[in-house]
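Working notes for the structure below.
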Amino acid sequence: MDIPEQQRYIPGDLQTDLVNPRNAGDTAVGYLMVPAVLVRLLLPFATLVAIYLFLRGHNEPGGGFVAGLVFSVALLLQYIISGTQWVEAHMPLFPRRWIGFGLLFAIMTGIGSIVAGYPFMTSHTFHFSVPWIGQIHLASATFFDIGVFTLVVGSTLLILTAIAHQSVRGHRYHARIQEEQAAQQGGL
């Protein structure tokens with residue numbers, strides 16, 4: 001579960017403005033202070049909205065997919081405004097872990113209904129009492145929604161990191177082509 005190779009090593013001879021050799025805590029060139037502050041405030045707010053949609057249930061059986069989309073939009077805005085370097089320096093993102101956990105949780109929920117003697121993905125409601133809170137009703141579909149939520153967020157994170165690092169690789173490729181053309185012109 002190591003981070004991708006392009007995150008571990010950035011060559012010093014790369015001529016691009018996408019790779020900022022300064023610290024990720026420094027203010028980047030072209031940094032927009034007001035949008036960055038607003039987007040950072042949006043992340044906790046979007047998290048609360050995602051929790052509300054998850055618990056309320058948007059579609060049958062629940063709101064895991066929609067909650068994952070809301071949370072993913074907040075992460076997307078972090079990438080757009082703050083940049084890849086800031087996000088990866090301040091947020092420990094492990095997309096493969098999110099995806100793996102989501103798939104495992106969703107599949108185990110479906111298999112759990114078979115083990116209990118019900119058809120695959122049959123939802124069941126559990127009733128139990130919690131002191132000082134009272135009677136709680138918990139649907140087994142909630143566990144499937146947790147898997148769907150983490151799968152959606154993990155997929156979004158994987159797409160964002162892949163696109164961000166693809167642009168860095170594209171600049172490396174173009175820089176190498178320009179060096180080769182300069183070497184050919186210099187040799188003529």
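We did not get these values from a lab; they are worked out from the coordinates using the rules stated. Not measured: the values here are computed from a predicted model. In this analysis, Cβ positions are derived from the backbone assuming ideal geometry, glycine residues included, and neighbour counts consider all displayed protein chains.
Annotations for the structure displayed:
- Annotation: amide H-H contacts under 5 Å for Ala139 (H modelled 1.01 Å from N, sequence separation of 5 or more, or interchain): Phe126.
- Amide proton proximity set for Met121, modelled H, under 5 Å, gap of 5+: Ser113, Ile114
- Per residue Cα convex hull volume in Å³ - calculated over region 72-171: 135
- Vicinal HN-Hα couplings computed from phi for region 44-54 (Karplus, 6.51 cos²θ - 1.76 cosθ + 1.60; Hz; Gly/Pro x): x, 5, 5, 5, 5, 5, 5, 5, 4, 5, 5
- Each peptide in 124-135, 77-88, 141-152 receives the mean, over its residues, of other Cβ atoms within 10 Å, and ordering these scores from highest gives 141-152, 77-88, 124-135.
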